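Undergrad: Can you read through this structure? Questions will come right after.
The values are calculated or read from the model by the stated rules, or taken from the named source; none is laboratory data. Since the model is a prediction, treat every value here as computed from it, not as a measurement. We place every Cβ from the backbone using ideal geometry, glycine too, and count neighbours over all the protein chains shown.
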């Protein structure tokens, strides 16, 4: 018996080591899943008040994490906001203030010139490619030992500036274009240069009948399964509910029957697209659970700008951003206020809410703080203090926007928010509007004449910021004819 003791002790020791390995976390650093919706409005979720849309999975995410009710996109359109997420910088500083490259070459390729449209102002030249000199959140995280994957919409430049050249180990779906011609396979079409659109990472001929958001989620789940033992950053960008208006017919029929007179939201196709997006968010959360890494994964969900309003095809409007005014393209709240949810098990109290004004620039330094304890040097601020104290003070007085372009919902404008006050400056005629967001969330009453000192102070601050970031401004159009139409 005595001779067997060393053998038994060795066996017990080996069994103990095996048990310890099973209980050891697969990674000491948190995984990060950043989910970005396209053109999803602030009020387009079940828990934010929609009377038609069904988003049980996103609603549950909010119950398990923190909801940021005063969160803003850095731009009222997609590409500039996405650039701000990746770099933590204001689009005005990057010279990426609209969703395409506004230059002589761009318009020349379209057979036009920059002054062809009969508008009072000529939009400034802009950058269409996210400069490779910019340090992206993916590049930062790679230095921290992370595997990085981009899935879905990119819209930040040509192939030389695709995700794989901006710090991502994997790119599925990231191209120069903003949306496919159709969400149904094969997802191809021609751009104005007659170049074929395609989906990197998805093999043609293997997805007959597939709906693009579902396939992108499939690929995201593959990353989770393959990299669950390593710290990973998964940047999942849904194209929906951006146009084209295409939803699964079964869901379209379901929501068509659900619509009743007097409802705020009345577009069944838009509802179907949001439902599918929510189902795929649910699939992602289930995938994390099945991989056994939910407790060590940070999940963020947001939109790139407000919902699109106005006519589209047979629809009177795509989205209804009420109680907010206007929508995509506008610097009114409906164009820039978007939902943000962050779930971080053990770090964020479930069901908490922060009303502190924030912007997409803040995501980079926040993520940097989550993984290294140090915020990156950006235009944004780390939100880390708010994760423990939702009503805390980040020490920032103002948030700025610059959109010197024409859109269906606006003329060239810039804006600033300080506390309850928000000022919008329009470059046509140098007009300003001032709103008290605490009393007038819908921005129905311009109070610039009632509070001229506040308006003047905010305008001065906005102009100083524009100068500081070297923002490009619109110029007078020498070909403008006030008697002619646009």
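Undergrad: Looking at the stretch 283-317 only, could you name the residues that are in a helix (DSSP H, G or I) and surrounded by fewer than 17 Cβ atoms within 10 Å (Cβ to Cβ)?
TA: Answer for the stretch 283-317, where residues must be in a helix (DSSP H, G or I) and surrounded by fewer than 17 Cβ atoms within 10 Å (Cβ to Cβ): 283, 286, 289, 290, 295.
Undergrad: Here's something else I'd like to know. Could you list, in sequence order, all residues of the stretch 445-486 that are at pLDDT 95 or above, in a loop (DSSP other than H, G, I, E, B) and over 21 Å from residue 403 (Cα atoms)?
TA: 445, 447, 449, 450, 451
Undergrad: Residues of the stretch 363-415 being buried (at least 19 other Cβ atoms within 10 Å of the Cβ), in a loop (DSSP other than H, G, I, E, B) and in contact with a helix residue (DSSP H, G or I) (Cβ under 7 Å, 6 or more places away or on another chain), which ones?
TA: Answer for the stretch 363-415, where residues must be buried (at least 19 other Cβ atoms within 10 Å of the Cβ), in a loop (DSSP other than H, G, I, E, B) and in contact with a helix residue (DSSP H, G or I) (Cβ under 7 Å, 6 or more places away or on another chain): 375, 378, 379, 380, 381, 382, 383, 409.
Listed here are the residues, each with its yes/no results for (1) under 21 Å from the mean Cα position of the chain (by Cα); (2) without any contact (Cβ under 8 Å) to a residue 24 or more places away in the chain; (3) assigned to a helix (DSSP H, G or I); (4) under 17 Å from residue 153 (Cβ atoms).
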| residue | (1), (2), (3), (4) |
| --- | --- |
| 219 | yes, no, yes, yes |
| 235 | yes, no, no, yes |
| 244 | yes, no, no, yes |
| 252 | no, yes, yes, no |
| 260 | no, yes, no, no |
| 263 | no, no, no, no |
| 266 | no, no, no, no |
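Undergrad: Here's a follow-up. Tell me, please, whether a residue that is at pLDDT below 95 and over 21 Å from residue 396 (Cα atoms) can be found in the stretch 355-378.
TA: Yes, the stretch 355-378 contains a residue that is at pLDDT below 95 and over 21 Å from residue 396 (Cα atoms).
Undergrad: Going by the conditions given, is residue 442 farther than 21 Å from residue 361 by Cα, in a loop (DSSP other than H, G, I, E, B) and within 28 Å of the chain's Cα centre (by Cα)?
TA: Yes, satisfied.
Undergrad: What number goes with the only condition from (1) closer than 28 Å to residue 210 by Cβ; (2) under 14 Å from the mean Cα position of the chain (by Cα) that residue 337 does not pass?
TA: (1)
Undergrad: With a cut-off of at least 1 residues that are at pLDDT 95 or above and over 17 Å from the mean Cα position of the chain (by Cα), name the helices (runs of 4 or more DSSP H) lying wholly within the stretch 1-113.
TA: 56-64, 91-94
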